Amino acid sequence: MFIYLTTGKVADHLHVTVNTVKRWILEGKLRAIITPGGHYRIREDEFQNFIQKYAPHSNPKKILIIDDNHAQLTLLADTLSSAGKDYIVESASDGYEALIKIGEFKPDLLLLDIMMPKMDGIQVIKKLRGGNTTKNIKVIVITAYPEKLAKIKNNIQDFFTKPVDIDILKKRVIELLGETLTIWGGGG
């Protein structure tokens, strides 16, 4: 008799979202069955195999990309997912969605656009820095409006102007998530 886990249980155990678990299933990284009701179930032994194969001795770093431009979101997510590092990448398309995902996903790094509908990136940073559990999250701003950075430059690790040089951004992300502390490198 096999023990089966829900995507929610797997997500809780690995401190990721259910959507991340579903993405791993669709990518073929995590084997699962589909119930007659259309839900995924993961055998416990398959989950243990997944952990041994994909979970290094430390927890994977989490990146949240926040941008209202879908093409930019997709480009950044694809680039970082294929960076050869153990990153879990999630996205949000506005500031409100970002704050919700920050609470649920608990990212190590944000890639944040400044000009967005509903709540802009500056407001997101102010709320982020005001929270006890979020004040130390690293932030890279990606913007077409670098003149807007004066208000927040002491609250971010770096910024890039659009269009972004993907290779330089990828190196900076790796550096920041590798715990190398360089504050305000101005790499854009």
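So, in nm, how far is label Ile34 from label Tyr96 when the simple model puts each one 7 Å beyond its Cα toward the Cβ?
Distance between the two pseudo-spin positions: 3.3 nm.
Counting other Cβ atoms within 10 Å, keep those with at most 10, restrict to DSSP loop, and tell me which trypsin sites (Lys or Arg not before Pro) in the stretch 97-182 are left.
Working: sites: Lys101, Lys118, Lys126, Lys127, Arg129, Lys135, Lys138, Lys148, Lys151, Lys153, Lys170, Lys171, Arg172; in loops: Lys118, Lys135.
Here the sparse-neighbourhood loop sites are Lys135.
Could you pull out every one of the aspartates and glutamates with an alpha carbon less than 12 Å from that of Lys148, ignoring same-chain neighbours closer than 8 positions?
Hits, sequence-local ones excluded: Asp113, Asp120.
Taking the Cβ of Ile137 as the centre, find all other residues whose Cβ is under 10 Å away and add up their charges (Lys, Arg: +1; Asp, Glu: -1). Write down the numbers at each step before the final one.
Working: positive: Lys62, Lys106, Arg129, Lys135, Lys138; negative: Asp108.
Neighbourhood net charge equals +4.
Any chance you could check the Cα centroid distance between the stretch 1-25 and the stretch 71-119 for me, in angstrom?
21 Å
For the stretch 21-67, which GluC sites (Glu not before Pro) are in a loop by DSSP, counting at most 10 other Cβ atoms within 10 Å?
Glu27
Given the pairs Lys53/Lys127; Lys61/Lys151; Lys9/Lys118; Lys29/Lys153; Lys106/Lys170; Lys62/Lys127, which span a C-alpha to C-alpha distance of over 30 angstrom in this model?
Values: Lys53/Lys127 37 Å; Lys61/Lys151 28 Å; Lys9/Lys118 33 Å; Lys29/Lys153 39 Å; Lys106/Lys170 20 Å; Lys62/Lys127 19 Å.
Exceeds cut-off: Lys53/Lys127; Lys9/Lys118; Lys29/Lys153.
If you build the Cα gyration tensor of the stretch 61-177 and take the root of 5 times each eigenvalue, what three semi-axes come out, in whole angstrom, biggest first? Write down the numbers at each step before the final one.
On the way: eigenvalues 70, 52, 39 Å².
Largest first, the stretch 61-177 gives 19, 16, 14 Å.
In the stretch 4-54, with Lys and Arg counted as +1 and Asp and Glu as -1 at Cβ, which of these residues, Val10, Gln52, Gly37, has the Cα nearest the positive end of the dipole, that is, farthest along it?
Of the options given, the answer is Gly37.
Please report Rg over Rh for the stretch 1-118, where both radii come from the alpha carbon positions and Rh follows the Kirkwood definition. Show your work: numbers first, answer last.
On the way: Rg = 15.4 Å, Rh = 15.3 Å.
So for the stretch 1-118, dividing Rg by the Kirkwood Rh gives 1.00.
Output the antiparallel fraction of DSSP beta bridges having both residues in the chain, as a percent to the nearest 5. Mind showing how you got there, number by number?
Values: 5 of 24 bridges.
Beta bridges within the chain, antiparallel portion: roughly 20 percent.
In nanometres, what is the gap between the two model label sites at Ile3 and Asn155, each 7 Å from Cα along Cα-to-Cβ?
Inter-label distance under the simple model: 4.5 nm.
Based on Cβ point charges of +1 for Lys and Arg and -1 for Asp and Glu, what charge dipole magnitude is obtained for the stretch 4-54 about its Cα centre, in debye rounded to the nearest 20? Let's see the in-between values first.
Values: 8 positive and 5 negative charges, 25 e Å.
Rounded to the nearest 20 debye, it is 120 debye.
Note the full-extension length gain between Lys127 and Arg43 as 0.36 nm times their separation in residues minus their Cα-Cα distance, in nm to one decimal. Intermediate results must be reported in sequence, preceding the final value.
Details: separation 84, 0.36 × 84 = 30.24 nm, distance 3.99 nm.
The span from Lys127 to Arg43 would gain 26.2 nm if fully extended.
Mean residue ellipticity at 222 nm from the helices of the chain, using -39,500 (n - 2.57) per DSSP H segment of n ≥ 4 over the full residue count, to the nearest 500 deg cm²/dmol? Show your work: numbers first, answer last.
On the way: 7 runs with 73 residues, N = 188.
Taken over the chain, the calculation gives -11500 deg cm²/dmol.
Label points 7 Å out from Cα along the Cβ direction at Ile51 and Lys106: separation in nm?
Distance between the two pseudo-spin positions: 1.6 nm.
Can you divide the C-alpha Rg of the stretch 4-54 by 2.2 N^0.38 Å and report the result to two decimal places?
On the way: Rg = 9.8 Å, N = 51, 2.2 N^0.38 = 9.8 Å.
So the Cα radius of gyration is 1.00 times the expected 2.2 N^0.38 Å.
Nearest 10 degrees is fine. How inclined is helix 121-130 to the longest principal axis of the chain, computing both from alpha carbons?
So the inclination is approximately 70 degrees.
Values quoted throughout were computed directly from the atomic coordinates according to the rules given, and no laboratory measurement underlies them. All values derive from a computational prediction rather than experimental measurement. Counting neighbours? That spans all protein chains shown, and the Cβs are built from the backbone with ideal geometry, glycine included.
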